[in-house]
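Working notes for the structure below.
Here, each number is a calculation from the coordinates, and none is a lab measurement. Source: prediction; values computed, not measured. Note that each Cβ is placed from the backbone with ideal geometry, even for glycine, and that neighbours are counted across all protein chains shown.
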Amino acid sequence: MSGTGNSFRTAVWAAQELNAIDKTKIIPFEKADLMTHQASTQNLLGLFFPTHAFTAPWAVFKFALSMPNSKSTPIIIIATRAGAFYPFPLPGMEGTACLLIALILMFKGYDVRGFSGMDMPSNWLAVHWGMNKEHAEYFYDKTKKELKLFISKISSEQRVYKSIPSWIMGILLLQVSFMYLIFARLMLTKIMFADETCNSCGICATYCPFGAINMLGNKNKKPYWTFSCESCERCIAYCPKKSIQAGHSYILLLYWIFYGALGFIPVKIASLYGVFKTSLPAMLLSITYTLTFYYIGYWLLNLLCKVKLFAWIFSHTTFTKIYSRYNQHDTSLNDLKNGTII
C-alpha cells in the first residue's frame, strides 16, 4: 500500500537487494489476487505499507485479515514511518504497525521472518509542508542502508524484529490509534475538495487505490471523497494542477463550532446530569452523531463550493494552497497503479 510512493520505493529497494537471488514482483494491494498470488515455502512474501497514527492503516488490517491461511509461508513486514526535519532529522515511529500485522499473520500460519519500521519523508500533505528534495534524500539514503542490512540478514536465515521501543510507545498510544481508525480517518476523508483551478481531468479518481473518489457534476465534474478514503495523500500529491486542498477553515467553522455546540457538548451535558444510565448509550449516540455529521457536513462543503464566493473563501483559507507538495520523485502514478517486476 502506497500513497505518495514512499512504501512503493522502499519495496523496490528491498527487491533490488533480493534480485541476486531471484526475480521479485511488486504488486499494489488493490491488485493482489490473494488466491492467485499465494506464496509458498519456496518464496518470500513481503508487506510494505505506511504508518497511520502509530499503527497500520485500516486497509492493511483488512488486507491481512483477508489473506488465506498458510503453512509456514515466510514473510517480512516493513512499515514506512514519517521522518522529519525540524530543523534536524528526526525519526518517525511506527508504533504497533508491524507488531499487530505480524500477530495476525502468525495466527494465520505465516512464518514471520522479520519486521521493521523504515524512515521515509513525512507526507501528511493535508497537515504540513511537503519535504524538499535535499531533506528527502537524507531519508532515502538512510533507509537504503537499513534495508540492505535487513535483507542481508533475512537472506542468511536470520530473524530480525526491530524497534522494540516503538512497540512500547505504540502500545501506550493504542487509544490514539484506535480513535484514529474509528473517527479521525473518517473526518480526514471529509475535508478534501478541489478548488477553482480543477479542470476535471479525473486523474485523482482514476489513480485512487481505494476507488474512494467519485467525479460528480454535470458539466464541470469535481472529485468527491467517500468514506472509503484512507488518507493516503496520493490525490493531493500527484494532482497536476495542485487543485486538491484540505478544508482547514471548514474544519474550524463546521467541526469545532457547529459540531461542538450542536452535538458533542449536549451529549456531555446529558451524561453529567444522568440522562444516560450508563456511558454506553452516550458513546453510541456520540458515534452515530459524529458519523452523521461528517456525512452531512461534507455534503454542505461541496454544496457551498458550487457558489463562487464560498469556493473562493475555502480555497484561500487553507494552508495547502501555499504548501509545497511531496511525492517520491522516482515513482510515477503508473508505478503505483500497476506495480513492477525487479
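Counting only whole DSSP H helices of the chain, the ones at least 24 Å long by C-alpha along their axis and with mean Kyte-Doolittle hydropathy no lower than 0.5 are 279-304. Among T80, T51, T292, which one moves the most in a GNM of the chain with springs linking Cα atoms closer than 10 Å? Fluctuation is largest for T292. In plain terms, the bigger the Kirkwood radius, the slower the diffusion; for the chain, with that radius from Cα pairs, at 25 °C and 0.890 mPa s, Stokes-Einstein puts D at 114 µm²/s. Shown for W129, W225: other C-beta atoms within 10 Å of each C-beta, ranked fewest to most, produce the order W129, W225. Just checking the listed ones, M131, M192, M179: in the Gaussian network model of the chain with Cα springs under 10 Å, the one fluctuating most is M179.
Put in order of Cβ neighbour count within 10 Å, fewest first, the listed residues S122, S324 become S324, S122.
Over all other residues within a Cβ to Cβ distance under 12 Å of T197, the charged ones net out to +2, with Lys and Arg as +1 and Asp and Glu as -1. Legend: ranking of residues V307, V112 from fewest to most surrounding C-beta atoms inside 10 Å; resulting order V307, V112.
Take every DSSP beta bridge with both residues inside the chain and express the antiparallel ones as a percent of the total, to the nearest 5. The antiparallel fraction comes to roughly 40 percent.
Distances between placed amide hydrogens fall under 5 Å for M118 paired with A79, T80, R81, all partners being 5 or more residues away or on another chain.
Looking at region 105-164, the GluC sites (Glu not before Pro) that sit in a DSSP loop and have at most 14 other Cβ atoms within 10 Å of their own Cβ are E157. How would you classify region 65-194 from its alpha-carbon gyration tensor, with a ≥ b ≥ c the square roots of the eigenvalues: rounded for a/c under 1.5, else prolate if a/b is greater than b/c, otherwise oblate? Note, shape of region 65-194 comes out oblate.
Taking the helices alone, the chain has a mean residue ellipticity at 222 nm of -11500 deg cm²/dmol, built from -39,500 (n - 2.57) per DSSP H run of at least 4 residues and averaged over all its residues.
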